[in-house]
Amino acid sequence: MTRKKAVAEATPSRPAPPHAEPEGESEAAAHLLELYRQMQTIRRIEEECARSYAQGKIGGFLHLYIGQESVGVGALAALRPDDYVIGTYRDHGLAIAKGMPPRAVMAELYGKVTGCSRGLGGSMHLFDVAHGMLGGYGIVGGHIPLAAGTAFASKYRGDGRVTLCFFGEGSVSIGSFHEALSLAALWKLPCVFICENNEYSMGTPLQRTMSVEDVSQKALAYGMARDRFFARDVLEVEHRIREAVDRARETSEPTLVEVRTYRFRGHSMSDPGKYRTSEEIEAQKKHDPLNRARDQLKTMGKSEDELAKLDAAIEEVVRDAIEHAETSPEPGPEILEETTYSGPFAR
Amino acid sequence: MREIRFREALREAIAEEMERDDAVFLMGEEVGRYQGAYKVTEGLFERFGERRVIDAPIAENGFAGIGIGAAMVGLRPIIEFMTFNFSAVAFDQIISNAAKVRQMSGGQFTCPIVFRGPNGSARQVGSQHSQSFESFYAHVPGLKVVAPAFASDAKGLLKAAIRDDNPVCFLESETLYGIKGDVPDPASGDHLVEIGKAHVPHAGTDVTIVSWSRITHVALQAIAELAKEGISAELVDLRSLRPLDEETIVNSVRKTHRVVVAHEGWPYGGVGAEIVDRIQRLAFDDLDAPVLRISGMDVPMPYNAKLEQHCLPQVPAIVEACKRVLYVH
Ligand SMILES: Cc1ncc(C[n+]2csc(CCOP(=O)(O)OP(=O)(O)O)c2C)c(N)n1
């Protein structure tokens, strides 16, 4: 795809390219069912996270992905297993969509040594080297150059991997976003920059943080391909991200994708939420991507019974993850030095 | 042995490590076609090509971050800051990402990266271009910090830093690039200097001077002055600031019982303060006088040549401090 064409194609919606469509109706339904399973697992895990947080079992900051699940799940469905994913503190959904076991995620939130980061990272820092999950990061925008770096390494070695980098629209105001995009475009790095525009940076709406409403326009200055669409349909997310992933893999060109979404919960658990009305939230919930996927599945012939069975299986996964987290041991202080330096501690 | 310049020693280290390991690459402003702002990287672009010697735009936060990301997935980047003053723009990348990723990933990701470039004063380049960064970086667990004074150590330590699996801040000095020193011939094998080991370039019995980087050379002049008055001073050149070689410091204190720490950075919370703390903790009973510090003056560096010299540690100040800890006047 030429750069010009890609730039021009920041359109609201268009049909999926044929190669992205799983063949046959039953296969298509099975595929959507799998995406639904992931979204529902994330939703249910996070609802339980909120409960555990209220009970004081999870500490620190907790940023829920509820409402935005279709972004991570749809986007990661377009990846190869060995591709890289990196994101912000709002990382539970990405971790689960990347294939990390809910047990390892939940144990990390509980600060247990069985957690994916051995209880040293917590909710904001979910890492898994085996799954190519390069972590969640707490400094807004600070991880975007790292994504350009892993993409740089892929190009340097010719390993054909693509890096997917997720961030909120709040990141678009900080320098590291611009430096990373500028360099990724200059050096043609195989990276897809995905801005999850959930309309608010903490309590501040986009129009009070940016002079333009269309985040994807930022790509224009870097001569980078761009795209912009709503995340209401998880399959649409997958198809659109796949175009950008293909561009990265085939021609080593980065893309800035603005995915328009909405978070149903507060910024974090401590958010009083006074900056928006409950009417606004209720109106947005009509576009809940999970309901949409469920309806689609029924249209495709999945029975209520089948879906209920899947939901029950998910409940079991969630219950198991919580039990695992609650019964796992905590890391001891002996872990601290060994994880700070490779080799002897430098004091 | 042959005599080469400090900058040539650095260049040899980079070239040998790039030859040895394809994962090593060099990235920074003007490092390639321009041949390096201080000519450290001269000829490397021609030798290794644009895949491995990468001219970066002025985006320290961006390219430091690219280096860190590349290091996380197995490359071994050498990131050159034209001077360490500009590393302030990449400070967040270094302290929040490079220094943290190993621990916050529970030990899953390492970050084998070298950040290198000139540190400290040059000549009359003013306050924004004369800062010493060692206390900022040595403060941070997860980082290593080295600051060699001699060509041989520059080569051996840089090679060790490139092979180290941790992020290393490698502090050079514009004023040292031209100095010559004996460096082992590459034909005689790999010249590596272990990170975390100080050395004693000059032995003495009456007083210990602890220093690093450029001030080591000022200390050597002070030692020559003191010798004229019959005072035998020992020099501990730290070479590494984190990890710090307590053993070599303490051994020298046990011998001389008197210490002066001399460095270029500011005094408040500086590396000198850290060294004084270690000495009082580890060798209190061996001390015959309070440890004194000679540091850069506690002000932004002025442009005026005389004032600049006034702000920097000089030979007479070090001589005077040595006499004070010896109670001779
Ligand atoms: C550099 C920096 N400044 C401030 C913060 C505090 N902070 C954390 S999240 C956040 C809002 C970010 O919003 P956005 O990028 O839209 O992402 P979202 O939380 O909506 O996913 C702020 C200000 C931070 N973590 N890092």
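The values are calculated or read from the model by the stated rules, or taken from the named source; none is laboratory data. Nothing here was measured: the structure is a model prediction, and the numbers come from that model. Cβ placement follows ideal geometry from the backbone for every residue including glycine, while neighbour counts extend to all protein chains displayed.
Using the structure shown, decide if A:Val257 is assigned to a loop (DSSP other than H, G, I, E, B), within 16 Å of the ligand (Cβ to nearest atom) and either hydrophobic (A, V, I, L, M, F, W, C) or touching a residue at least 40 places away in the same chain (Cβ under 8 Å) (or both).
no
Mind checking which residues of segment A:129-146 are more than 7 Å from chain B (Cβ to nearest Cβ) and in a helix (DSSP H, G or I)?
Within segment A:129-146, A:Ile144 is the sole residue that qualifies.
When you go through (1) within 22 Å of A:Phe229 (Cα to Cα); (2) of a type in the set (D, E, K, R); (3) in contact (Cβ under 8 Å) with a residue 60 or more places away in the chain one by one for A:Arg276, which number turns out not to apply?
Tallying (1) within 22 Å of A:Phe229 (Cα to Cα); (2) of a type in the set (D, E, K, R); (3) in contact (Cβ under 8 Å) with a residue 60 or more places away in the chain, A:Arg276 fails exactly one: (1).
How about segment B:87-101: which of its residues are of a type outside the set (A, V, I, L, M) and within 13 Å of chain A (Cβ to nearest Cβ)?
Scanning segment B:87-101 gives B:Phe91, B:Asp92, B:Gln93, B:Ser96, B:Asn97, B:Lys100.
Name the residues in segment A:191-211 that are away from chain B (no Cβ under 14 Å), touching a Leu at 6+ places or on another chain (Cβ under 8 Å) and either more than 10 Å from the ligand (Cβ to nearest atom) or outside any loop (DSSP other than H, G, I, E, B) (or both), would you?
The answer is A:Val192, A:Ile194, A:Cys195, A:Asn197, A:Tyr200.
Mind listing whichever residues of segment A:160-174 are more than 10 Å from the ligand (Cβ to nearest atom) and either in a strand (DSSP E or B) or of a type in the set (D, E, K, R) (or both)?
Result: A:Arg161, A:Thr163, A:Leu164, A:Cys165.
Which of the following residues is of a type outside the set (D, E, K, R) and crowded, with 22+ Cβ neighbours inside 10 Å: B:Ile95, B:Ile66, B:Ile58, B:Ile4?
Of the residues listed, the single one that is of a type outside the set (D, E, K, R) and crowded, with 22+ Cβ neighbours inside 10 Å is B:Ile66.
Considering only residues of segment A:41-95 that are polar (S, T, N, Q) and more than 15 Å from the chain's Cα centre (by Cα), which is nearest to the ligand (Cβ to nearest atom)?
Out of the qualifying residues, it is A:Ser52.
Could you tell me which of the residues B:Gln128, B:Gln124 is at positive phi and away from chain A (no Cβ under 14 Å)?
Only one candidate qualifies: B:Gln124.
Can you confirm whether B:Ala227 is more than 26 Å from B:Ala37 (Cα to Cα), modelled with pLDDT of 95 or more, touching a strand residue (DSSP E or B) at 6+ places or on another chain (Cβ under 7 Å) and more than 14 Å from every other protein chain (Cβ to nearest Cβ)?
Criteria not met by B:Ala227.
Only strands (runs of 3 or more DSSP E) wholly contained in segment B:119-221 count here; list those with 2 or more residues that are surrounded by fewer than 24 Cβ atoms within 10 Å (Cβ to Cβ) and of a type outside the set (Gly, Ala, Ser).
B:180-183, B:199-202
Is it fair to say B:Ile162 is more than 18 Å from B:Leu244 (Cα to Cα), assigned by TED's automatic domain parsing to the domain that holds B:Glu30, of a type in the set (A, V, I, L, M, F, W, C) and more than 15 Å from the chain's Cα centre (by Cα)?
The answer is no for B:Ile162.
Is it the case that A:Asp159 is more than 20 Å from the chain's Cα centre (by Cα), more than 8 Å from chain B (Cβ to nearest Cβ) and over 26 Å from A:Lys218 (Cβ atoms)?
yes
Tell me which residues, restricted to segment A:212-254, are assigned to a helix (DSSP H, G or I) and of a type in the set (D, E, K, R).
Answer for segment A:212-254, where residues must be assigned to a helix (DSSP H, G or I) and of a type in the set (D, E, K, R): A:Lys218, A:Glu236, A:Glu238, A:Arg240, A:Arg242, A:Glu243, A:Asp246, A:Arg247, A:Arg249, A:Glu250.
Out of B:Phe81, B:Phe45, I need the residue that is buried (at least 23 other Cβ atoms within 10 Å of the Cβ), more than 16 Å from the ligand (Cβ to nearest atom), of a type in the set (A, V, I, L, M, F, W, C) and closer than 27 Å to A:Thr150 by Cα. Which one?
None of the others qualify; the one that does is B:Phe81.
Of the residues A:Gly99, A:Gly149, A:Gly119, which single one is away from the ligand (no atom under 16 Å from the Cβ) and away from every other protein chain (no Cβ under 13 Å)?
It is A:Gly99.
Restrict the check to segment A:175-189 and report whether at least one residue is within 16 Å of the ligand (Cβ to nearest atom), at pLDDT 95 or above and away from chain B (no Cβ under 14 Å).
Taking every residue of segment A:175-189 in turn, none turns out to be within 16 Å of the ligand (Cβ to nearest atom), at pLDDT 95 or above and away from chain B (no Cβ under 14 Å).
Between A:Arg103, A:Arg80, A:Arg118, A:Arg44, which is surrounded by fewer than 18 Cβ atoms within 10 Å (Cβ to Cβ) and touching a residue at least 60 places away in the same chain (Cβ under 8 Å)?
A:Arg80
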